[in-house]
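Notes follow the structure.
A short reminder: the numbers here are calculations on the coordinates, not readings from a lab. Everything numeric here is computed off the predicted structure, so don't read it as measured data. As a convention, Cβ positions derive from the backbone with ideal geometry for all residues, glycine included, and neighbour counts pool all protein chains shown.
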């Protein structure tokens with residue numbers, strides 16, 4: 001099966017994606033060291049076969065409970081699920097094993113979930129919970145002009161209360177933190193089908209920038225799925241380190257970086273895809289020099305409406321993104 | 001996606017006809033009805049509204065109706081039955097949507113399958129009811145006019161009674 005070791009994860013400069021290389025590893029059926037692994041792998045394959053034949057979906061947790069003694073811990077079943085997808089050269093979603101719903105989406109979009117038409121403007125302030133069963137979802141209609149990806153649910157609530165998409169025709173989505181597979185896959189589908197510009201709004205810290213990078217070119221752990229999950233044309237709208245001075249964010253709203261932040265920023269700066277994007281590199285270096293970070297919520301120091309009435313409109317209309 | 005360009009630079013995107021072709025047979029009609037009733041007004045640009053209307057008509061003519069007809073003309077009774085169940089639901093919601101397939105439902109009256117016959121009769125009954133409702137609405141207008149003319153002395157009692165009788169027969 002394809003090796004998932006870090007030495008086999010390569011950055012495809014042309015397509016701007018983190019991909020799995022060509023290295024192959026072997027798992028022996030008759031070795032004591034790998035017999036447990038192989039048995040778990042076969043169990044997952046058996047379950048995938050059953051799910052596909054019955055056209056059903058199961059969560060990763062359900063797979064774990066299908067053979068608790070064999071898996072021992074959910075980490076083991078999760079690993080076997082990833083191995084199966086890698087071995088089959090497919091995405092985990094295609095195996096009909098899904099994660100629980102996490103992300104949400106709201107705005108100028110109409111979709112179909114099997115036989116139901118869902119209007120994402122008419123679902124109240126919570127929006128539509130992005131279904132992990134994306135094979136049932138189809139995009140029907142939209143008059144949006146861009147897509148906005150938010151790192152945090154708090155920002156989603158702010159934009160949702162302001163009905164931001166009514167004044168600025170857009171589709172807004174969030175994974176409520178780290179980008180999960182369903183949200184990334186749905187974003188990719190939106191971007192590909194609707195061919196709209198995509199922007200991220202994340203915290204001005206290395207973790208926010210990392211989340212942006214995962215949407216942009218995939219994660220190392222799931223590099224075998226990158227071609228199906230990444231949105232390579234996504235732009236980093238904010239909050240940029242340079243914005244903190246530009247928008248005169250008060251000093252007491254800026255947080256000093258800790259050692260982990262500094263280490264993560266340095267790690268990001270060593271990535272080829274950051275080195276290639278000079279503006280991104282410059283902003284990360286600025287953060288490292290100033291040793292400060294800030295959350296999206298720091299913008300509300302000027303009032304709750306500052307984000308929706310001034311910051312976002314100004315950034316979007318002046319093209320101030322990376 | 002099919003693109004429609006607004007004068008203000010905005011774009012409206014609707015799913016491609018080819019993709020709709022792969023849907024369950026009743027869904028294209030639901031989609032057409034949904035866009036007509038819920039989205040069309042929001043497009044504001046009259047040129048785009050017309051273009052979208054045309055596109056929806058195209059979907060109806062090229063995808064929705066042919067697919068239903070294909071099933072109704074086939075030999076698989078279970079598929080026909082499923083299609084009829086969905087057609088009946090749509091007929092109860094909006095009879096105009098299924099009007100083009102009326103002749104094909106009439107043909108089904110020749111079938112031996114009792115369930116197909118029952119559903120076909122129900123749907124054709126819905127057509128008759130809808131036609132009667134339309135006629136009654138027209139007659140009601142005439143009746144109101146006659147009433148006014150009678151009160152103003154422009155027509156005599158006999159003429160008024162004749163119109164009234166026609167109206168009441170249709171109403172019953």
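Shape of the range B:2-132 from its Cα gyration tensor (a ≥ b ≥ c, root eigenvalues): rounded if a/c is under 1.5, otherwise prolate when a/b > b/c, or oblate? Write out the running numbers ahead of the final one.
Details: a/c = 3.30, a/b = 2.09, b/c = 1.58.
Because a/c hits 1.5 or more and a/b exceeds b/c, the range B:2-132 counts as prolate.
When A:148, B:170 are ordered from fewest to most other Cβ atoms inside 10 Å of their Cβ, what list results? Let's see the in-between values first.
Numbers: A:148 25, B:170 14.
Lowest count first: B:170, A:148.
Could you work out the percent of alpha carbon pairs in the range A:31-98 separated by over 19 Å, rounded to a whole number?
23
Return the calculated 222 nm mean residue ellipticity for chain B, to the nearest 500 deg cm²/dmol, obtained by summing -39500 (n - 2.57) across DSSP H runs with n ≥ 4 and dividing by the residue count.
Result for chain B, helices only: -21000 deg cm²/dmol.
Along the Cα→Cβ direction, 7 angstrom out, place labels at residue B:18 and residue A:154. What is the inter-label distance in nm?
Placing both labels 7 Å beyond Cα along the Cβ direction yields 4.7 nm.
Only Cα pairs under 8 Å and at least 6 apart count here; give the relative contact order of chain B as a rounded whole percent.
Across chain B, relative contact order equals 15 percent.
Taking R0 as 25 Å, what's the FRET efficiency between residue A:297 and residue A:192 from their Cβ-Cβ distance, rounded to 0.05?
Taking R0 as 25 Å, the efficiency between residue A:297 and residue A:192 is 0.20.
Taking R0 as 25 Å, what's the FRET efficiency between residue B:151 and residue B:131 from their Cβ-Cβ distance, rounded to 0.05? Let's see the in-between values first.
Numbers: r = 31 Å, r/R0 = 1.23.
The computed FRET efficiency comes out at 0.25.
Quick one: compute the contact order of chain A, relative version, from alpha carbon pairs under 8 angstrom and 6+ residues apart, as a percent.
The value is 15 percent.
According to a simple spin-label model (label point 7 Å from Cα along Cα-to-Cβ), what is the distance in nm between residue A:99 and residue B:169?
With each label point 7 Å from Cα toward Cβ, the separation is 7.3 nm.
What distance in nm separates the two pseudo spin-label positions at residue B:51 and residue B:138, each 7 Å out from Cα along the beta-carbon direction?
Placing both labels 7 Å along Cα→Cβ, they lie 3.7 nm apart.
Take the alpha carbon gyration tensor of the protein assembly as shown, find the square roots of its eigenvalues, order them as a ≥ b ≥ c, and report rounded if a/c is under 1.5; if not, report prolate when a/b exceeds b/c, else oblate.
oblate
To the nearest 0.05, how large is the calculated FRET efficiency for residue A:309 and residue B:79 if R₀ is 45 Å and r is the Cβ-Cβ distance?
Here the calculated transfer efficiency is 0.20.
Between residue A:163 and residue A:282, what length comes free when the chain is fully extended (0.36 nm per residue of separation minus the Cα-Cα distance, one decimal in nm)?
Working it through step by step, the gained length comes to 39.5 nm.
Sum -39500 (n - 2.57) across every DSSP H segment of at least 4 residues in chain A, then divide by the residue count to get the 222 nm mean residue ellipticity, nearest 500. List each step's numbers first, then the result.
Values: 14 runs with 129 residues, N = 322.
Theoretical 222 nm ellipticity from helices: -11500 deg cm²/dmol.
Find how many whole Å separate the alpha carbon centroid of the range B:10-72 from the alpha carbon centroid of the range A:40-110.
36
Can you give me the relative contact order of the range A:140-275 as a percent, contacts being Cα pairs under 8 Å and 6 or more apart?
Relative contact order comes out at 23 percent.
Among A:47, A:291, A:251, which one moves the most in a GNM of chain A with springs linking Cα atoms closer than 10 Å?
Most flexible of the set in this elastic network: A:251.
Under 1.5 on a/c is rounded, so check that first for the range A:252-322, then, if it is not, pick prolate when a/b is larger than b/c and oblate when it is not; a ≥ b ≥ c are the square roots of the alpha carbon gyration tensor eigenvalues.
Taking the square roots of the gyration eigenvalues as a ≥ b ≥ c, the range A:252-322 is oblate.
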